[in-house]
Amino acid sequence: MKKHIILFATIALLAGCAPKESDQQANPAAGILLKDFAPQVINNIPQTHVERAKFDIIDMHAHDYASSEEEIARWCKVMDEVGVLNTAIMHCSWIGRPFEEFVAAYAPFKDHFRFWCCFDYTDIDTPEGIAKACETLERYHEMGAVGVGELGDKGEGDTYARPADGKDIHIDDPRIKPLIEKCAELKMPISIHIAEPYWMYLPMDETNDGLINAVTWHVDTTNCYGYDKLMVTFENAVRENPNTLFIACHYLNMTHDLPRLGALLDKYPNLYFDISARVAESAHTPRATREFLIKYQDRVLFGTDNGMEAPMYHTIFRVLETNDEHFYMPESEYHWALSGFNLPDEVLKKLYHDNAYRILTEYR
Ligand SMILES: [Zn+2]
C-alpha cells in the first residue's frame with residue numbers, strides 16, 4: 001500500500017501538479033455555484049443541425065406568444081421554414097386577452113393555428129353557473145375552438161383558466177363533470193398539465209438529481225395536493241369519463257418513471273400524452289425514452305410549449321431524429337447532457353403528425 005502512495009506522489013510531482021494546501025484554497029472550481037455551471041462539449045462526435053423536420057408537423061402545444069400581427073406573421077414564416085403545418089395555441093395558462101380577442105388576432109393566419117379554450121369557472125358552484133359554463137364552451141367551439149386547454153393543476157386546482165381561475169377545482173371534481181362530458185359531446189380533447197417533474201418535490205439537497213437544473217424550482221406541497229394525490233385525481237377523471245379524450249401534457253410529468261405512464265396508457269384508451277417542454281427531462285435517458293416512444297407510438301403527440309423561435313424547433317428535431325450524443329439545450333437552465341432518440345421514420349410520422357391529425361379529424 002505504501003509503495004502505491006509513493007508512486008502516485010512521484011507521478012504528480014513529475015507532472016508539476018502536486019496539490020498544495022494553498023493551491024486548493026485558490027482553486028477557482030471550489031467557488032463555482034451550481035447556477036453558474038455552463039459546460040461546453042469537448043468531444044469530437046457528430047453534431048447534427050436539423051433545420052427542418054423530416055416530416056410535416058402538427059404542434060399540439062403552444063401559447064399566445066405573439067404580441068402583434070407582425071410577430072404572428074414572423075411565427076408563421078418560422079413554422080413554414082421548419083416544417084410545422086399548424087400549431088395549437090392554448091388560451092389557458094396565459095394572462096392575456098379574452099378568448100374572442102385572441103381568436104380575432106390570429107384569424108388572418110388561421111390556416112397556421114388551431115384554437116384551444118378554457119373552462120369558465122365563474123359561478124361554478126350553482127346549477128345556473130355550470131349551465132352557463134357549458135354554453136360558453138359551446139360558443140367557443142362554434143368560434144373555432146377544437147379542444148380545451150391547457151388546464152393546469154400543480155396542487156391548488158386548475159389555476160390556468162381565464163377569466164376565473166379554478167382554485168381548489170381538481171380535474172375529478174364532481175362540479176365540473178358536466179363540462180368534461182360536454183367535451184366528449186363536442187369531441188373536444190382536454191389538454192392538461194398535472195403536477196411537475198418529480199425531482200421538484202424531493203428535498204433540494206445534495207442528493208437531488210435535478211438540483212443542478214434549477215435550484216429554485218422546489219414545489220412546496222404544505223397547503224396543496226402533492227404529486228401522487230394529483231395523479232390520483234387525473235386517473236379518476238380519465239377512468240370516469242371514457243368518452244372524453246385526455247392529453248397529458250409533458251409526458252404527464254412522468255419522464256422519470258415511464259413504466260408508470262405506460263401502465264396508464266395500457267389501461268385507458270382515451271389517454272394520449274404530449275412531449276412538450278420536456279426535452280431535457282427525457283433526452284438524458286435516450287434509450288429508455290426511445291423504447292417508450294416506439295412502444296406507445298400511437299399515443300404520443302408533438303408539442304413545443306417554448307416560444308416561436310427557429311432554434312427551439314431545431315433542438316427538438318435533433319433530439320427526436322438524430323443519434324447525436326452529449327449535447328446541451330442552448331440557453332437553458334437545464335444542464336443534463338442530452339442524446340438523440342434516432343426514432344424510426346414510421347414513429348416520427350405518427351409523433352409529428354398522424355396521431356394529432358387523427359384526433360383533430362376522426363375524433364371530431
Ligand atoms: Zn403549456
- Query: If each of Val232 and Gln40 carries a label point 7 Å out from its Cα toward its Cβ, how far apart are those two points in nm?
  - Reply: 5.1
- Task: Taking the chain as the reference, fit the longest principal axis to its C-alpha atoms, fit the long axis of helix 127-142 to the helix C-alpha atoms, and give the angle between the two in degrees, 0 to 90, nearest 10.
- Result: 80
- Query: Relative to the longest principal axis of the chain, what angle (0 to 90°, nearest 10) does the C-alpha long axis of helix 286-295 take?
  - Reply: 30
- Can you list residues whose amide H is under 5 Å from Ala88's amide H, if they're 5+ apart or on another chain and H is modeled 1.01 Å from N? Asp59, Met60, His61, Ala62, Arg114
- So if R0 is 25 Å, what FRET efficiency would Arg52 and Ile294 give, r being the distance between their Cβ atoms, rounded to the nearest 0.05? 0.60
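Apply 1/(1 + (r/R0)^6) to the Cβ-Cβ distance of Leu85 and Lys177, taking R0 = 30 Å, and write down the FRET efficiency to the nearest 0.05.
For Leu85 and Lys177, the calculated efficiency is 0.30.
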- At R0 = 41 Å the Cβ-Cβ FRET efficiency linking Glu325 and Glu142, nearest 0.05, sits at 0.25
- Residues listed by number, the stretch 279-317, amide nitrogen under 12 Å from Glu70 label point at 7 Å toward C-beta: none
- Per-residue Cβ neighbour rank within 10 angstrom, fewest leading, Ser68, Ser332: Ser68, Ser332
- Using label points projected 7 Å from each Cα along Cα→Cβ, tell me how many nm separate Asn243 and Tyr357, to one decimal. 2.8
- Item | Exposure proxy order (Cβ contacts within 10 Å, fewest to most) of Ile124, Ile294 | Ile294, Ile124
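Taking N as the number of residues in the chain, what is its Cα Rg relative to 2.2 N^0.38 Å?
Expressed relative to 2.2 N^0.38 Å, the Cα Rg reads 1.14.
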- In terms of Cα to Cα distance under 18 Å, which lysines are near enough to Lys349, apart from those fewer than 8 places away along the same chain? Lys54, Lys295
- Item | C-alpha long axis of helix 227-240 to longest principal axis of the chain, angle in ° | 30
- Query: Per 5 Å bin from zero, what fraction in whole % of the C-alpha pairs of the stretch 24-143 is there, up to the bin with the longest pair?
  - Reply: 2, 9, 14, 14, 11, 9, 10, 8, 7, 6, 5, 3, 2, 1, 0
- Message: Give me the net charge for the shell around Glu156: Cβ to Cβ below 10 angstrom, other residues only, Lys and Arg +1, Asp and Glu -1.
- Response: -2
- Message: P(r) for the stretch 90-148, please, calculated from all Cα pair distances in 5 Å bins and given in %.
- Response: 4, 19, 27, 23, 15, 7, 3, 1
- For the stretch 212-218, 3J(HN,Hα) per residue [Karplus equation, 6.51 cos²θ - 1.76 cosθ + 1.60, θ = phi - 60°, Hz, x = Gly/Pro]: 5, 6, 6, 5, 9, 8, 4
- Once you list every other residue whose beta carbon is under 10 Å from the beta carbon of His256, what net charge do they have if Lys and Arg are +1 and Asp and Glu are -1? -2
- How many Å³ per residue does the convex hull of the Cα positions in the stretch 254-349 occupy? 96
- If each residue's Cβ is checked for other Cβ atoms within 10 Å, how do Cys118, Cys183 rank with the fewest at the top? Cys183, Cys118
- Taking the chain as a Gaussian network, where each spring joins two C-alpha atoms under 10 Å apart, which residue of Asn253, Asn86, Asn236 fluctuates the most? Asn236
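Using 0.36 nm per residue, how much length does the chain from Arg97 to Ile212 gain when fully extended, once their Cα-Cα distance is taken away?
Details: separation 115, 0.36 × 115 = 41.40 nm, distance 3.58 nm.
Once the chain is fully extended between Arg97 and Ile212, it gains 37.8 nm.
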- Mean shadow area of the stretch 156-220 over all directions, Cα convex hull, nm²: 6.0
- Task: With a point put 7 Å past each Cα toward its Cβ, work out how far Leu33 is from Ser332 in nm, to one decimal.
- Result: 2.3
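No lab work stands behind these numbers, since they all come straight from the coordinates. None of these values were measured; they are calculated from a predicted model. Here Cβ is always computed from backbone atoms with ideal geometry, including for glycine, and neighbour counts include all displayed protein chains.
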